[in-house]
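Enquirer: Take this structure, written in C-alpha cells, and hold onto it; I'll ask about it next.
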Amino acid sequence: MIVGVPKETFPGERRVALTPIVVPNLIKSGLQIIIETSAGAEAGYPDSEFAARGVKMVPTREDVFGQADIVLQVLCYGPNNKTGKADVPLMRRDQNLVGFLRPLGVLEHLEEIAATGINTFSVELMPRSTRAQAMDALSSMGTVCGYKAVVIAAATIPRLFPMLTTAAGTITPARVLVIGAGVAGLQAIATARRLGAVVSGYDVRPAAKEQVQSLGAKFVELPIEAKDAQDARGYATAQDEAFYQKQRELLGRTVAESDVVITTAVIPGKKAPVLVTADMIKAMAPGSVIVDLAAERGGNTELTKPDEEVIINGVKIIGQINLASTAPYHASQMYSRNLAAFLGLLTKKGELNLDLKDDILNDTLLTRGGQIVNARVREFYKLPKLESP
C-alpha cells in the first residue's frame, strides 16, 4: 500500500504531513512512502533527508494522488478554501485521505469531496480518549499556537515580560491574561510564566481552575456559572448571550489591568464568542497587546480582523491565523507523529484495515462511498440519518 504526501498549497502554509523521523517505522510496517518534491523544504526537511530513509520523491501532486492509496495532508480542501478545490479532480473512488477537513465548516465543500467516492478521515473528529492521545492533532497544533501567541505578544509589547532588578532600578513584570484554558491556553500560560510574566487564566469550565493553578498562574473566578460548560469530548460548549454579557461585565476590570490578553475560546462549528468588547479594549493602557487565537472563527474580541493587526487607542489586536505554520519544523514533527500513529490503526501489515468497530476509525471517518457518513457531522448539518447496512 502506497502512502503519498503532496506539498501544501494554502498560501503561507509551511508544514508538511510527514517528516523523515517517522518514515522508517512506516516502511517497516509494510507501507511504501512517496512525497512530492520539496514538500518538506519550507518546514526544514529537505528532499535528501526523505530519500535517505527510503522515500520515493515524485515531481508533481498529480503523481502523488495518482499513485497513492492513502494521501496525507495538513490542510485539505475545506480549511484550504483558497487552492484546495484543485485537488478534488485528482481524488478517486476508494482512495483514502487523512488531514484537517473542517467537517463543521461548509457543507458544499464536504459534498464535493464526498462525490468523488473517496474515504476521508478528519483529524478534527479524533475522539478525546486516552487511546487516541497520540493521534490528537488538534492538541498538537494547539500547543504550537499557544506558545507562538506568547512569543508574538512578547515581541510586540513595548516592555519586558520578567521582573528585573538592575542598577537602574526595578522593572515590574508584565501582566498577562489568558482567556480559555484548553490546550492552547494552558501552553500560553506556561510560556508566559517561563518568560517571567505575572499570569492569570480564565475559563468557563470549573475543572480548568486546578490546571491553571498547577502552572503557577492565578485563576480568575467570576460569580457566574455556565450551564453544561463542556461536552462529552471535553470541549467548551456555547452559552447563551445573557451569560456572555455578564461574563464581559465581570472580565472588564481584569482585561483593563492586563498588558497582554491572549484569547483562545473556540466552539466547534460555531462563530467564536465575543469575550472582549470595544469598550474593554479602550480601557486598556496604550501599548497593550491582544493576540486573538480565535480570529479565523470571527474572533473573541469585538474589533478583531482575521489575519490583520488593528490598533485602537494604542492597543494592538493581532488576528493572525494559521499560527502553527509559523513554527513549521516542530509543528510538522508533531503532526507527523499523530498521523503515523493513526496509520498504525488504519493499516495492518501494509494493507488497509478499515475496521469501523474501532471507535477512532469510526469517529474520524467523514466520507465514504459518495456520501457524508459521519453521524455527528450529519446531525450538525441536519442531514437525514443513514440506514444501517
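Enquirer: What accessible area per residue, rounded to a whole number of Å², is obtained for region 169-211 using a probe radius of 1.4 Å?
Expert: On the way: 1670 Å² over 43 residues.
Each residue of region 169-211 exposes 39 Å² on average to a 1.4 Å probe.
Enquirer: Students often get this wrong: which residues of region 65-97 have the backbone nitrogen under 16 Å from the point 7 angstrom along Cα-to-C-beta of LEU386?
Expert: Correct set: 93-97.
Enquirer: Any chance you could give the angle, 0 to 90 degrees and rounded to 10, that helix 241-256 forms with the longest Cα principal axis of the chain?
Expert: The angle comes out at about 60 degrees.
Enquirer: Determine Rg/Rh for the chain; Rg is computed over alpha-carbon atoms and Rh is the Kirkwood hydrodynamic estimate from the same atoms.
Expert: On the way: Rg = 22.1 Å, Rh = 22.1 Å.
Ratio of gyration radius to Kirkwood radius: 1.00.
Enquirer: Using a Gaussian network model of the chain with C-alpha springs under 10 Å, which one of MET334, MET163, MET126 is most mobile by mean-square fluctuation?
Expert: Result: MET163 has the largest fluctuation of those listed.
Enquirer: Additional query: Pulled fully out, how much extra length does the chain show between ALA168 and ILE312, if you take 0.36 nm times their separation in residues and subtract their Cα-Cα distance?
Expert: On the way: separation 144, 0.36 × 144 = 51.84 nm, distance 3.19 nm.
Residue separation times 0.36 nm, minus the Cα-Cα distance, leaves 48.6 nm.
Enquirer: For THR60 and ASP355, what does the FRET efficiency come to when R0 = 41 Å and r is the distance between their Cβ atoms, rounded to the nearest 0.05?
Expert: Numbers: r = 33 Å, r/R0 = 0.81.
Approximately 0.80, to the nearest 0.05.
Enquirer: Further, regarding this structure: Tell me the carbon and sulfur percent of the accessible area for region 52-209, rounded to whole percent, probe radius 1.4 Å. Please list the in-between numbers first.
Expert: Details: 3540 of 6300 Å².
Reported share for carbon and sulfur atoms: 56 percent.
Enquirer: To continue, here is another question. What full-extension length gain, to one decimal in nm, is calculated for ALA242 and ALA155 as 0.36 nm per residue of separation minus the Cα-Cα distance?
Expert: 27.7 nm
Enquirer: Sorting check: for 314-325, 293-304, 343-354, 89-100, which peptide has the highest mean count of neighbouring beta carbons within 10 Å, and how do the rest follow?
Expert: Details: 314-325: 20.8, 293-304: 23.0, 343-354: 15.7, 89-100: 18.1.
Result, highest mean Cβ count within 10 Å first: 293-304, 314-325, 89-100, 343-354.
Enquirer: Among residues other than PHE219 whose Cβ falls under 10 Å from its Cβ, what is the net charge (Lys/Arg +1, Asp/Glu -1)?
Expert: On the way: positive: LYS209, LYS218; negative: ASP203, GLU210, GLU221.
Net of charged neighbours comes to -1.
Enquirer: To continue, here is another question. Please give me the summed charge of the neighbours of TYR147: other residues whose Cβ is under 14 Å from its Cβ, Lys and Arg +1, Asp and Glu -1.
Expert: +3
Enquirer: Separate question: For region 238-389, state the semi-axes of the equivalent ellipsoid (square roots of 5 times the eigenvalues of the alpha-carbon gyration tensor), sorted largest first and rounded to whole angstrom. Kindly include the intermediate steps, with their values, before the conclusion.
Expert: Values: eigenvalues 325, 90, 27 Å².
Equivalent ellipsoid semi-axes, largest first: 40, 21, 12 Å.
Enquirer: Would you please give the FRET efficiency between GLU112 and TYR329, computed as 1/(1 + (r/R0)^6) with r the Cβ-Cβ distance and R0 = 25 Å, to the nearest 0.05? Display every interim value, and only then the final one.
Expert: Working: r = 33 Å, r/R0 = 1.30.
The pair GLU112/TYR329 has a calculated efficiency of 0.15.
Enquirer: In what sequence, largest accessible area first, do ASP203, ASP359 appear using a 1.4 Å probe?
Expert: Numbers: ASP203 15, ASP359 70 Å².
Largest to smallest exposure gives the sequence ASP359, ASP203.
Enquirer: Okay, helix-only estimate at 222 nm for the chain: each DSSP H run of n ≥ 4 adds -39500 (n - 2.57), divide by all residues, round to 500 deg cm²/dmol; what do you get?
Expert: Values: 12 runs with 118 residues, N = 389.
My calculation for the chain gives -9000 deg cm²/dmol from helical runs alone.
Enquirer: Please determine, in degrees from 0 to 90 and to the nearest 10, the orientation of helix 328-346 with respect to the longest principal axis defined by the Cα atoms of the chain, where the helix direction is its Cα long axis.
Expert: 50 degrees
The values are calculated or read from the model by the stated rules, or taken from the named source; none is laboratory data. Predicted model, so just to flag it, every value in this text is computed and none were measured. Here Cβ is always computed from backbone atoms with ideal geometry, including for glycine, and neighbour counts include all displayed protein chains. These area figures cover heavy atoms from the full protein model, side chains too; ligands, DNA and RNA do not enter into them. Shrake-Rupley method; radii C 1.70, N 1.55, O 1.52, S 1.80 Å.
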